[in-house]
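The values are calculated or read from the model by the stated rules, or taken from the named source; none is laboratory data. It should be emphasised that the depicted structure is a prediction, and the values quoted were computed from it without experimental measurement. For neighbour counting, all protein chains shown are included, and Cβ atoms are generated from backbone atoms with ideal geometry for every residue, glycine included. Quick note on the areas: whole protein, heavy atoms, side chains included, nothing else; ligands and nucleic acids left out. Shrake-Rupley method; radii C 1.70, N 1.55, O 1.52, S 1.80 Å.
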Amino acid sequence: MAEVTMTVNGKSVTKSVKGNTLMTDFLREELRLTGTHVGCDTSQCGACVIHVNGQAVKSCTMFAAEADGAEVATIEGQANADGSLSVIQAAFQEHHGLQCGFCTPGMVMSAAALLKENPKPTEAEVRDYLEGNICRCTGYHNIVKAIMAASGQDVSSIAAE
Amino acid sequence: MPKDQGIGASTKRREDVRFLTGAGNYTDDINVHGQAYVHFLRSDVAHGTINGINTSAAEGMPGVVRIFTGADFEGVGGLPCGWQVTDKNGEPMQEPAHPVLAQGKVRHVGDPIAAVVADSLEEARNAAEAIELDITELDPVVDMKAAVAGGAKVHDDLSSNLCYDWQFGSETEAVEKAFAEAAHVTTLELVNQRMVANPMEPRVAVGDYSRANDESTLYTTSQNPHVIRLLMGAFVLGIPEHKLRVVAPDVGGGFGTKIFHYAEEAFCTFAAKACNRAVKWTASRSEAFMSDAHGRDHVTTIKLALDKDNNFTAVHTDTYANMGAYLSTFAPSVPTWLHGTLMAGNYKTPNVQVNVKAVFTTTVPVDAYRGAGRPEATFQLERVIDKAARELGLDPIALRRQNFVTQFPYATPVAVEYDTGDYHATMDKMEELIDVKGFAARRAESEKRGKLRGLGINCFIEACGIAPSNLVGQLGARAGLYDAATVRVNATGSISVMVGAHSHGQGHETAFPQVVAEMLGIDENMIDIVHGDSSKIPFGMGTYGSRSIAVCGSAMVRATEKIINKAKKIASHLLEASEADIELKDGQFSVAGTDKSVAWGDVTLAAYVPHNYPLEDIEPGLEETAFYDPANFTYPAGAYACEVEVDPDTGAVDLVAFVSADDFGNVINPMIVEGQVHGGIAQGIGQALLENCAYDENGQLLSASYMDYAMPRADDLPNMANYRVDHSCQTPCTHNPLGVKGCGEAGAIGSPPTVINAIVDALQSGGHKVDHIDMPATPQRVWEAMNG
Ligand code: FES
Ligand code: FES
């Protein structure tokens, strides 16, 4: 057991963890931040994506101890300070970019990282960036649309219907 | 002007807020105080005799609470099968026992042998490694045709590996005559490969037990909590319903695979009582691959007969359908009643006969996966029609149109009666959306770039909203297939609707209130849906087969009608008018032809504070329940098209355009309906191009992770500019109150043959005499077809 201290969604937390505790388990079980999901065991699905020091990271591939001293952001910290949905979250709702919601936290966290890196991505860039996020429900169409809309691009002319 | 609430409005989903903020409540998010964890030790061989299981070393390991094996479940029921098929000789299907933990033999990779319950998951896993197994390997049974020819038996107490040999539809004599007299016969052999549903949330079960009142609770990732309560309570564990609560909270997708009752659910419920401690199981993804029921896995020969004028005169099919090692809950119904009954398709073919041999193999059980039987039927029929058109030099669209059913109702030779439809309308829409006329120019342009371009089209019909209970009872269902809803109006006028349907992505919490709001003329936000908890809702058959709004929605309409009737009685009393004169509009009850009215909230308050109330005629309170048993299936239908570019050097297929024209009847929330179609199409395209659940000849599962099983990703699907989904053709269902048909499975049914038809068309345009490519059409398969 080792003591780790990190900032999670702006709040400092200190806990003792075992060396082999995955970041996902630390968030879900120790902090009860259950918005970060686990969809696979081979680091392929992206349901577990969080931000560590501003970078998108698959939390299932990281030990909690590695986050010692880091700034961590999870889906629970994405809404605006007044509790309203962030631009990306609101775009996902507006464009029906989620169905069962299981992949959604990872999608939103990936989208946020993409738009930070590339504020006006093309459709091809969005699709390419989502390589590591699997959604079984939506067929991605509305996720791609939501992310482009969140970047301020007009998606009304490319509606599916 | 689109509506902003009620039926037909694209109301934004209220459930999204919790999912988008990480506040969802999925089963794995539930921890019961003091819970233990279970790890299942599963077979790593396909087939073997269990000579011994030595748990003594493992029992002494740290944290171990108790280790269970098949012996602990002797005297406990096995997992039941919910559908009995009768074979062509009138005999019931062969139905093997399905123990919770293996007894005597293991029958597929992943079959659970022992279960270790421990204080932590890590301790459970470590202890499982210390269990010593003595298993003698037996010959695997993988190939279906070999399995029925003889050799090793999956179940020693059955006479063979044949579950049933089923025949259905037109009489053999009539079919043979039609083929003998045909001007042309087209034959095709094809495989509908094994698929894994892969909802992104792996299955989870948490069993809990209360000594205080002898009650068991199961939290589980299920599409139908009441069905699980019934099956597990009555058939497996012998717990009466009033002592058993099943909760399916937020569920992360299902696609069929979370319909069924699984061993892990029964285990956790049983073990919680045995250990007097809650027991939790969370599947890893690799465990999901070897324990979730798989889908499809049919091998078929189909023959189509045409007369000299190109009218279809007969269809004959011979299918081998893989059941896997045991019968999953609804497995026997999928290749039979959900498949054979759709083999007429959109066509007025007078003779249709379907033959299905269901076969046991040493593989994971196979059951319903999105579409369940209907994708298999559509794939065969639409592929053989395309091949016939090519052989006869006919336009595939014209050949289909010529044979369309146009008079409704239409009784098919395969037992169902289509109530309504307009197949020319969806075909017209599809031709417009894909721009059939411009295809030649697009093909020429592709050819200039050295690519082969193909246009594939496809029509389909499905039967949804299963189904009249008396009919399915005759067909072997061991359950009724109605649904139920309770509308509870509170004193201040807000409403809770308890529905038997279960939402695991379909947006019921948004769409169902739209209907009630429309009927009452009140704000949608005054209405909440309650689902997924057997202790809160009257009863329910859950969600699958695109039935939620057609069946449960109809129950909700009926219950709301009862509410309106009673509320009008109260209003007539308050307004001192005759009940017949009371009208309800925009949440106001008024007396026809006068300006006298009372608001919705006044009436609801009077129902609960009945000071001025007709107590001699009606009871206080305002709550009504309805059960709805559908009169028929619903028959959504559509026409799909896509264009592909094939690289002749590599065999790579680029899906450059895709369009769908669906007829779902009336639509409650267009945004949600389109979302369902997007998802279905992606799964269908996944089947056509990417996904394959493969076993080797030893019965080892080769695709047990996302490294080996290719899930569709964002860049596997067509760009937004070349992709359209349309549901503007609407022939409302004639027998349910909303005129709705269901939209959940259409995409998965309609798209696989569309894609394969397009690939074959592309290859033919390059001079390759390729009649068929089995799915998934990987670059290697396409290249081999071109160069084979
Ligand atoms: S759970 Fe982390 S990538 Fe799947
Ligand atoms: S919304 Fe269900 S997996 Fe993406």
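The residues of the stretch B:339-349 that are touching a residue at least 60 places away in the same chain (Cβ under 8 Å) and either crowded, with 24+ Cβ neighbours inside 10 Å or closer than 22 Å to B:ASP111 by Cα (or both), listed by number, are B:GLY340, B:LEU342, B:MET343, B:ALA344, B:GLY345, B:ASN346, B:THR349. The single residue among A:ALA124, A:ALA149 that is in a helix (DSSP H, G or I), at the interface with chain B (Cβ under 9 Å from one of its Cβ atoms) and open to solvent by 20 Å² or more (accessible area, probe 1.4 Å) turns out to be A:ALA124. Here the condition is being closer than 15 Å to B:ASP16 by Cβ, in contact with a Ser or Thr (Cβ under 9 Å, 6 or more places away or on another chain), within 16 Å of ligand 2 (Cβ to nearest atom) and modelled with pLDDT of 95 or more; of A:VAL49, A:VAL108, it holds for A:VAL108 alone.
Of A:LEU130, A:LEU85, A:LEU115, A:LEU98, all but one fail to be open to solvent by 10 Å² or more (accessible area, probe 1.4 Å), at the interface with chain B (Cβ under 7 Å from one of its Cβ atoms) and over 11 Å from the mean Cα position of the chain (by Cα); the exception is A:LEU85.
The stretch B:253-337 holds strands (runs of 3 or more DSSP E) entirely within its bounds, and those carrying 2 or more residues that are among the aliphatic types (A, V, I, L, M) and buried (at least 24 other Cβ atoms within 10 Å of the Cβ) map to B:295-306, B:312-324. Take the conditions away from chain A (no Cβ under 14 Å), surrounded by 15 or more Cβ atoms within 10 Å (Cβ to Cβ) and of a type in the set (Gly, Ala, Ser) and apply them to B:GLY78. Does it pass? Here the answer is yes, as B:GLY78 does meet what is asked.
Within the stretch A:14-35, the set of residues being at the interface with chain B (Cβ under 10 Å from one of its Cβ atoms) and exposed (fewer than 15 other Cβ atoms within 10 Å of the Cβ) comprises A:LYS18, A:ASN20, A:GLU29, A:ARG32.
Do the conditions hold for A:ASN118, that is, is it within 13 Å of ligand 2 (Cβ to nearest atom), of a type outside the set (Ser, Thr, Tyr), over 30 Å from A:SER16 (Cβ atoms) and not assigned by TED's automatic domain parsing to the domain that holds A:LYS11? So A:ASN118 does not fit the description; no.
Each row is one residue, and each column tells you yes or no for (1) surrounded by fewer than 21 Cβ atoms within 10 Å (Cβ to Cβ); (2) part of a helix (DSSP H, G or I); (3) modelled with pLDDT of 95 or more.
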position: B:VAL354; (1), (2), (3): no, no, yes
position: B:VAL359; (1), (2), (3): no, no, yes
position: B:ALA377; (1), (2), (3): no, yes, yes
position: B:GLN380; (1), (2), (3): no, yes, yes
position: B:ASP386; (1), (2), (3): no, yes, yes
position: B:PHE408; (1), (2), (3): yes, no, yes
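Scanning the stretch B:683-730 for residues that are free of Cβ contacts under 8 Å to residues at least 12 places away in the same chain, at the interface with chain A (Cβ under 7 Å from one of its Cβ atoms) and of a type in the set (A, V, I, L, M, F, W, C) yields B:MET707, B:ALA714, B:MET720, B:ALA721. Counting only residues that are out of contact with any Cys (no Cβ under 9 Å at 6 or more places or on another chain), among the acidic types (Asp, Glu) and open to solvent by 10 Å² or more (accessible area, probe 1.4 Å), how many does the stretch B:81-114 have? Of the residues in the stretch B:81-114, 1 are out of contact with any Cys (no Cβ under 9 Å at 6 or more places or on another chain), among the acidic types (Asp, Glu) and open to solvent by 10 Å² or more (accessible area, probe 1.4 Å). Take the residues in the stretch B:115-156 that are more than 30 Å from B:GLN35 (Cβ to Cβ) and of a type in the set (Lys, Arg), then tell me which one is surrounded by the fewest Cβ atoms within 10 Å (Cβ to Cβ). Here the answer is B:LYS145.
If the condition is being more than 14 Å from ligand 2 (Cβ to nearest atom) and of a type outside the set (A, V, I, L, M), then the stretch B:177-204 contributes B:LYS177, B:PHE179, B:GLU181, B:HIS184, B:THR186, B:THR187, B:GLU189, B:ASN192, B:GLN193, B:ARG194, B:ARG203. Considering the conditions (1) assigned by TED's automatic domain parsing to the domain that holds B:VAL740; (2) open to solvent by 10 Å² or more (accessible area, probe 1.4 Å), B:ALA641 is excluded by exactly one of them, (2). The residues of the stretch A:36-59 that are within 13 Å of ligand 1 (Cβ to nearest atom) and open to solvent by less than 30 Å² (accessible area, probe 1.4 Å), listed by number, are A:THR36, A:HIS37, A:GLY39, A:CYS40, A:CYS45, A:GLY46, A:ALA47, A:CYS48, A:VAL49, A:ILE50, A:SER59.
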